[in-house]
Amino acid sequence: MTCAACVNRVEKRLARIEGVSATVNLATGRARVSHPAAVTVGDLLAAVERAGYSAELPAPPPPERAQPPNASDPAGSPESGGDREERQRLLVTALLSVPVLVLSMAPVLQFRNWQWLCFVLAAPVVVWSSWPFHVRAVRGLRHAAATMDTLVSLGVAASFCWSAYALFLGGAGTPGMRMPFTLLPSAGGEVAHVYLEAAVGVPLFVLAGRFLESRARHGTGEALRSLAGLAVKDVTVREGGAERLVPIERLRVGQEFIVRPGERVATDGVVVSGSSALDLSLVTGESEPVEVGPDRPVVGGAVNAGGLLVVRATEVGADTRLARITRMVTEAQAGKARAQRLADTVAGAFVPVVLALAVTVLGFWLGAGADPQAAVTACVAVLVVACPCALGLATPTALLAATGRGARLGVLVSGPRALETLRHVDTVVLDKTGTLTTGRMTVARVTAVPGGIGRERALWLAGGVERGSEHPLGRAVVAYCGQQLPRLPLPEVTGFRATAGVGVTGVVEGHRVEVRAAGADAHPSLAAALAEAEAAARTAVLVRVDGVDQALVCVGDVLRPGSYRAVDRIRRLGVRPVLATGDRAAAAAHVAAALGIEEVRAGCSPEDKAELVRELREQGRRVAVIGDGVNDAAALAGADLGIAMGSGTDVAIGAADVTLVRGDIEAVADAVLLARRTLGTIRLGLVWAFGYNAVTLPLAAVGSLSPMAAAAAMSVSSLLVVGNSLRLRTWQPSPRARRTGPGVRVEGAGR
């Protein structure tokens, strides 16, 4: 396919099959087809062939490797066979064309019989170099269709045939003939002009433009190729105490494998032993390494920056997170925005209109008594300048660049519809637990009794007795001790006993230590901290050593780092935040106050959240929902746009249009800004494409544009559209505000 008219033709041919709908992407050369079970792949391939094109199913990736398809270069790498042939054709065309262009444009260099040398050099360009254009034009003719290849083929043939007439019959073949060059076509005199420079310039510029477009479009798939590079080929498996290196295809769920420092994690899994820091920047966009240890999940493709890890595989092959990310990006790049569908529809009728216009221009000039060569020149210029390449490239290249850039920023967009909706969202419904907060119990504050054993000593003893507890609160205390007292290993506990609903007790370092629910009998100095914890709906526990109160530990669900900045940035973009949670009113109000959210709905069931979304939409708002749990799936699906946290459940991710891979809601603002920039880029490209034709076609029709200048203008138009789209590859979100919100910790296990 070479232009939007080709895309339109293939889509129409496939749509003639009952129940079939197809989306064809010019930039990737791929089609996404929905069809009933009764329609076979053979039927679809035959339909494409009837449209004058060849088609085949994409080669499946090697099993277990999650190797993504190349989204921007269907032929493969930049040095694939098709690219080499295209480059060779361009080089040969340039070697033959440059002498013709120089002699035709510089009269001072025109020697005796120079025109015959140009004719000999131009003939291979017109036949061999332009052969792909001629073949596709004839193929289209057989199917009663016209594309940009039809325009190029006719333009080249008309220029060369007129030049042959001028040389053999028009007096231009005399040995001493001289011909001045001008960008504006001219005619008149006793000798017919030779347009060999147009006959070679048109294919030269078109081939050069296509080659540069191909190279540029190849760059838009950089994100997918970098994801492909994360796939591990071999893995060190541990079995029965022995280690052996096996291909990744042989790794199975439940097997343990080794990840040494500097190696990539082979697949998704859970750490069995060892601790390290993982670099997830290329997988999730997280800039800082993530610490992992026993029982912590790891993601395939992450780089082990520290110690030796033993990991048990939980997902392999197409089920891994890396494979899911790749599929989402690939699917997103296969879609079309509404603006591009309009452009493709216009392009489908554009080429026949241009052919009719070219014939009309030729007839008008001849009927008006103009010189035949002036009439032919205007006709050829109309054919060449009107190629609708830019129309077909405006949206696909922008979408490829934007989705690739979004993936690198940790934002996966499901397709053009999601981008268009994201740009117009004015209300966002935020879940609390797991979205604005971490979703797990964490120590929020430790308050020591004045004159006691001190904060660190009390925390250390509490951590020692909680080592024997399986309660989430106990695990939170132990984890906090590891963070706050990394150089002090927790002591051993004896006589451990847990009482449901009350707390735990045990002997640590010869002291009787109790960690129990705090009540009214707590030390008077802890009353203020206890009241604050109750107001914030936190869980407060009392640390008592040898029967004496020593500290109050407040445990709760903490705000995610960056939640305040995220909500603030969302509000600054003109989007209204609404907090909807299944948690208690006190916890919800505390989070809302900390983040500056005015509208709060607490105690919401999944049905209540879905009903809230319906109410907001009925008010005329364009609603996005951000969530991470199964209970958010209905609201995500019912919203104008669903945004799922990448750390959430598969159900939530499946119901969403956008996934925040790195689990950072600050990426929401980045996604909105990227959507606005992308749609702006697409509109600019389409305005340029339509405007270019609106200006150049009249100039060509009135004889103010030569065929060679028309070919150059057509190629430059396509390159400008592609170059404008490629700017999205380096787009950066606005610098994040340094302002941070209050360091508030909140409790709440409800969703």
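Every number here is computed from the coordinates shown, using simple stated rules; none is lab data. Since we're looking at a predicted model, the values are computed, not measured. Here the Cβ positions follow ideal geometry from the backbone for every residue, glycine too, while neighbour counts run over all protein chains shown.
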Go from 0 up to the bin containing the longest alpha carbon distance in the stretch 231-326, width 5 Å each, and give me the % of pairs per bin.
3, 15, 28, 28, 19, 6, 1, 0
How large is log10 of I(q)/I(0) for the stretch 438-559 at q = 0.11, 0.13, 0.18, 0.19 Å⁻¹ when the intensity is taken from the Debye formula with one equal scatterer per alpha-carbon?
-0.31, -0.44, -0.88, -0.99
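Among VAL272, VAL567, VAL591, VAL380, what is the fewest-to-most ranking by other Cβ atoms within 10 Å?
Taking fewest neighbouring Cβ atoms as first place, the list is VAL272, VAL567, VAL591, VAL380.
Quote to one decimal, in nm, the extra length available between GLN88 and SER273 on full extension: 0.36 nm per residue of separation minus the C-alpha distance between them.
Contour length minus Cα-Cα distance gives 61.1 nm.
Find the Cα radius of gyration of the stretch 4-57, compare it with 2.2 N^0.38 Å by division, and give the number to two decimals.
Relative to the 2.2 N^0.38 Å estimate, the stretch 4-57 comes out at 1.01.
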What FRET efficiency do you get for LEU684 and ARG244 if R0 is 60 Å and r is their Cβ-Cβ distance, rounded to the nearest 0.05?
0.60
Paramagnetic reach from THR730 (point 7 Å along Cα→Cβ, amide N under 19 Å) across the stretch 661-680:
674, 677-678
R0 of 56 Å, Cβ-Cβ distance VAL353-ARG252: FRET efficiency to nearest 0.05:
0.40
Taking 0.36 nm per intervening residue step and subtracting the Cα-Cα distance, what contour gain separates LYS233 from ARG676 on full extension?
155.6 nm
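Does the stretch 455-514 classify as rounded, prolate or oblate by the C-alpha gyration tensor (a ≥ b ≥ c root eigenvalues; a/c under 1.5 gives rounded; else a/b over b/c gives prolate, otherwise oblate)?
oblate
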Per-residue ³J(HN,Hα) for the stretch 124-138, Karplus 6.51 cos²θ - 1.76 cosθ + 1.60, θ = phi - 60°, Hz, x for Gly and Pro:
x, 5, 5, 8, 6, 4, 8, 4, x, 5, 5, 4, 5, 5, 5
Using per-residue counts of other Cβ atoms within 10 Å, averaged over each peptide, order 98-105, 167-174 from highest down.
98-105, 167-174
Quick check on packing: order 152-160, 682-690 by the mean number of other C-beta atoms within 10 Å, highest mean leading.
152-160, 682-690
Karplus couplings for the stretch 268-279 from phi (6.51 cos²θ - 1.76 cosθ + 1.60, θ = phi - 60°), rounded to Hz, Gly and Pro as x?
5, x, 10, 5, 8, 8, x, 9, 6, 10, 10, 8
Report the gain in length on full extension from ARG32 to VAL108: 0.36 nm times residue separation, minus Cα-Cα distance, nm rounded to one decimal.
21.8 nm
Report the label-to-label distance for VAL98 and ALA535 in nanometres (one decimal), using points 7 Å from each Cα along the Cα→Cβ vector.
8.0
Run the quick spin-label model on LEU308 and ARG487: label points 7 Å from Cα toward the beta carbon, then report their separation in nm to one decimal.
2.8
Mind listing the phi-derived Karplus ³J(HN,Hα) values for the stretch 468-480, rounded to whole Hz, using 6.51, -1.76 and 1.60 with θ = phi - 60°, and x for any glycine or proline?
x, 9, 9, 5, x, 5, x, 5, 5, 5, 4, 5, 5
Under the 7 Å Cα-to-Cβ spin-label approximation, ASP546 and GLU291 lie apart by a distance in nanometres of 3.2
